[in-house]
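See below for the structure under consideration.
The values are calculated or read from the model by the stated rules, or taken from the named source; none is laboratory data. Keep in mind that this is a model prediction, so the values were computed, not measured. For neighbour counting, all protein chains shown are included, and Cβ atoms are generated from backbone atoms with ideal geometry for every residue, glycine included. Only protein heavy atoms, including side chains, enter the accessible area calculation; ligands, DNA and RNA are left aside. Shrake-Rupley method; radii C 1.70, N 1.55, O 1.52, S 1.80 Å.
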Amino acid sequence: MNPALAHVSLADLERELAAWGYKPSHAARVLRAFYATGGTPFEQTAAQTVELTVGQPSLLPAETSPPQHLRLPAGLAEKLRTLSAPSRTSHLAARQVAADGTIKLLLRLHDSRTVESVLMPDFRADRAAGCISSQVGCAMGCDFCATTKTGFERNLTAGEIVEQFLALRREALAVGRKLQTVVFMGMGEPMLNLDHVLAAIDRLADNRLGALGWRQITVSTVGIVPGIDALTATGLNVHLAVSLHAPDDATRAQLLPMGKRFPIADILAAADRFQASRGRPVTIQYCLLRGVNDSPDHARTLAAVLGARRLHVNLLRYNPTGLSLKGKTYEPSTDDTADAFAAILREHKLVAHFRRSRGPDIDAACGQLRRRSAQTA
Ligand code: SF4
């Protein structure tokens, strides 16, 4: 099918069909079939595709035609092929497969910019999680992050976000897994592109399109308070994750420039408002950096700041990304230090888990594959 379908909403396609003289009700059938198969694979040319596969060979299926069960009125398939904007569609630029089954994709957008998306196998053999980008580059300047080193380029459109989802769904289908959850934790700050992120979520969650389900979607933020409040106001039943990465404002400001604008107390107050409106715990993300934010004192301060809130703390193991913007080299905490940190949180009755480190044998950190691809181009 025409990959441009990723760029149209259900209402858009209904209008288009009506203008062509077809029943608008065919639009939902077309889009359901399109989303169910992960859409048509991105067009690839040998010149555009940089294979960086580490493990298995490419598992992308061959170009697919409309599913057999999708019976369309005469002439509609041809009309759909003429749908405008194939020029807006993305292409697969690079693909890495790690020994643990993690698959990282680099998609080249219509204007030659690139974004990363990641498929992570679940413990369950039939499931996988996807990590999606919301912007090209990032303006947040988190000092330990590879993405921000090249700065912010532009927001992604809803269609470009949907294309990432479809690419990951295809990868999951190819290895016999269901893309069960999606997190907006890739490149960019989702709250600064909220209109397009919400438009994309609408399509991913819609039973007539992506059929993912609201609860299977997590929006992550570095702590943009107005963005959290805007998400709260939508009433959408998605999950919220907040990247804290430090227990006090001074340490946080060293790591995240945004920390100077939004104090931890204000961020947690916004998270409280979100949680109160949904009744589901917010996730606090905390990346453990050796000698920076991982001491027992840091753990005790974090426990005190979070207090009796019913939150989940996700402790992340850092994937080194080389020299930072400030000229520092960050290292992951040792296992003993990380375990001691988690133990202190648990002593304070907080729910603390380690998020599994994914794809250590590929460019696993957010933004690494994109930078390497740019350097080798
Ligand atoms: S960690 Fe996220 S918010 Fe921070 S610079 Fe990287 S992509 Fe942006």
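List of remarks:
- Taken over the stretch 170-191, the residue count meeting the criterion of being outside any strand (DSSP E or B) and either among the acidic types (Asp, Glu) or touching a Ser or Thr at 6+ places or on another chain (Cβ under 8 Å) (or both) is 10.
- Meeting the requirement of 3 or more residues that are over 30 Å from PHE165 (Cβ atoms) and more than 16 Å from the ligand (Cβ to nearest atom), the helices (runs of 4 or more DSSP H) wholly within the stretch 206-307 are 264-278, 296-306.
- Positions within the stretch 183-199 being more than 16 Å from the ligand (Cβ to nearest atom) and without any contact (Cβ under 8 Å) to a residue 60 or more places away in the chain, in sequence order: ASP195, LEU198
- Beta carbons closer than 7 Å, at least 6 apart along the sequence or on distinct chains, pair a first residue in the stretch 288-303 that is among the hydroxyl-bearing types (Ser, Thr, Tyr) with a second that is open to solvent by 10 Å² or more (accessible area, probe 1.4 Å) and at pLDDT 95 or above for THR301/ASP248.
- Residue in the stretch 143-165 that is away from the ligand (no atom under 15 Å from the Cβ), farther than 26 Å from SER333 by Cα and aromatic (Phe, Trp, Tyr) present: yes
- Test result for ASP206, free of Cβ contacts under 8 Å to residues at least 24 places away in the same chain and over 16 Å from the mean Cα position of the chain (by Cα): no
- Count of residues meeting criterion [assigned to a helix (DSSP H, G or I) and under 18 Å from SER373 (Cβ atoms)] in the stretch 147-167: 8
- Count of residues meeting criterion [closer than 27 Å to ARG177 by Cβ, assigned to a loop (DSSP other than H, G, I, E, B) and within 15 Å of the ligand (Cβ to nearest atom)] in the stretch 125-142: 3
- Filter result (in contact with a helix residue (DSSP H, G or I) (Cβ under 8 Å, 6 or more places away or on another chain) and modelled with pLDDT under 95) within the stretch 254-274: GLY259, LYS260
- Output for the stretch 171-187, where each listed residue is open to solvent by 10 Å² or more (accessible area, probe 1.4 Å) and on the phi < 0 side of the Ramachandran plot: LEU173, ALA174, VAL175, ARG177, LYS178, GLN180, THR181, VAL183, MET185, GLY186
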